[in-house]
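The values are calculated or read from the model by the stated rules, or taken from the named source; none is laboratory data. Given the structure is predicted, the values throughout are model-derived calculations rather than measurements. Ideal geometry is used to build each Cβ from the backbone, glycine not excepted, and the neighbour counts take in all protein chains shown.
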Amino acid sequence: MNDFDRKYWQNRYLEKKIGWNIGYISTPIKAYVNQLEDKNLNILIPGGGNSYEAEFLWKSGFKNTYILDFAKQPLENFKKRVSGFPNEQLLNHDFFESKGEFDLIIEQTFFCALNPKLRTDYVKQYFNF
């Protein structure tokens, strides 16, 4: 199995086999977001999954929040849950091939989900944003 495979992750979401899903923004990330003052920050959530962080950010007034996931299903699930979120801020791309300019990157489980062989590339990719 290739851990960084679009079909694999798409199926995990379709089959609801996402055991790490706590169903809400984690307490440490919520506390961090609550202390942010600049609501105009461009924020990226790579490997967004269910993106409870993005939902909290959006509802807290951070309108420049972007979710990146190469599996389409979690983005579709998010859009159903947060209907006012702009489609153009749902990025269905491969993290390792993405570029952009962001002030802040927030993620909780993406790094852990990667095959350890990809982790050095993960760190290098952050410099492309």
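Selection of segment 102-129 for residues being within 10 Å of Pro46 (Cα to Cα) and either surrounded by 15 or more Cβ atoms within 10 Å (Cβ to Cβ) or of a type in the set (Asp, Glu) (or both) yields Ile105, Ile106, Glu107, Gln108, Thr109, Phe110. For segment 68-98, filtered to residues that are among the small types (Gly, Ala, Ser) and out of contact with any strand residue (DSSP E or B) (no Cβ under 9 Å at 6 or more places or on another chain), the residue that is farthest from Asn11 (Cα to Cα) is Gly84.
Restricted to segment 1-46, and to residues there that are closer than 25 Å to Lys72 by Cα and hydroxyl-bearing (Ser, Thr, Tyr), the residue that is modelled with the lowest pLDDT is Tyr13. For segment 1-46, taking the residues that are outside any loop (DSSP other than H, G, I, E, B) and touching a strand residue (DSSP E or B) at 6+ places or on another chain (Cβ under 6 Å), the one that is surrounded by the fewest Cβ atoms within 10 Å (Cβ to Cβ) is identified as Ile43.
Tallying residues that are of a type outside the set (A, V, I, L, M, F, W, C) and at pLDDT 95 or above within segment 93-129 yields 1. Kindly provide the set of residues from segment 67-116 that are among the hydroxyl-bearing types (Ser, Thr, Tyr) and either at positive phi or touching a residue at least 60 places away in the same chain (Cβ under 8 Å) (or both), ordered by number. Result: Thr109, single match.
Screening Lys99 on (1) surrounded by 14 or more Cβ atoms within 10 Å (Cβ to Cβ); (2) within 15 Å of the chain's Cα centre (by Cα) shows it passes everything except condition (1). For segment 47-67, the set of residues classified as at pLDDT 95 or above and either in contact with a strand residue (DSSP E or B) (Cβ under 8 Å, 6 or more places away or on another chain) or not in a helix (DSSP H, G or I) (or both) consists of Glu53, Ala54, Leu57, Trp58, Ser60, Gly61, Phe62, Lys63, Asn64, Thr65, Tyr66, Ile67, listed by residue number.
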